[in-house]
Amino acid sequence: MEASPWDVLVVSSNLENRQDVAGMLFRLGLDPICVSTIEQCKALPERGKVGLVFCDRDLKDGDYRDVVAAVESNEGTSPMVVMMAELESHEAYQRARRDGLFDVISYPCRPTDVEWMVILARRNSRSQSKGFSAPARNLAQLWRAAGAGA
């Protein structure tokens, strides 16, 4: 894979999960920053360089919504946040997207899902930097096609 134009952050209270996802990202040529709490997210000195975040649904000091808020940038571009969790329904997926998530991947994470999120995030960040809008995905149709819900 090409060199990352931005940093990737892994936020998980579970050490094994952090290590697994970091290992997958490392094999893709990325050197992720790993933290275990939302407070550590807020304390990162150069949060503005973070382009992609993988996080758990629930952490010791909050949940994915707190991660979205912690990594928001005042510069107009916020990182894409991917939650690692099993969702019960399509409605739960839609609610998570409305809460500011870029996407949701199943937990435990598969290397192909992690790689796909990196590809989509890079594509999205390139198109935003060129002034293009990312094409809309028919998420309900994708959800049904994957056998994951309604």
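Of note:
- Exposure proxy ranking, count of Cβ atoms within 10 Å, fewest first, for Phe54, Phe102, Phe26: Phe26, Phe102, Phe54
- Shape of segment 1-71, Cα gyration tensor, a/c cut at 1.5: oblate
- Taking Cβ atoms as reference points and 13 Å as the exclusive limit, the residues near Glu86 contribute a net charge of -2, counting Lys and Arg as +1 and Asp and Glu as -1.
- Sorting Tyr64, Tyr107 by the number of Cβ atoms found within 10 Å of their own Cβ, with the fewest placed first, yields Tyr107, Tyr64.
- Taking amide H positions as modeled 1.01 Å from N, with prolines and chain starts lacking one, the residues under 5 Å from Val81 and 5 or more places away or on another chain are Val53, Phe102, Asp103.
- Summing Lys and Arg as +1 and Asp and Glu as -1 over all other residues whose Cβ lies under 14 Å from the Cβ of Leu15 gives a net charge of -1.
- Amide H contacts for Ile33 (H built 1.01 Å from N in the peptide plane; partners 5 or more residues away or on another chain; cut-off under 5 Å): Val8, Leu9, Val10.
- Note on Glu72, Glu88: ascending count of other Cβ atoms within 10 Å places them as Glu88, Glu72, the fewest first.
Every number here is computed from the coordinates shown, using simple stated rules; none is lab data. Predicted model only: the values in this text are computed from it and were never measured. Virtual Cβ from ideal backbone geometry, glycine too; neighbours counted across all protein chains shown.
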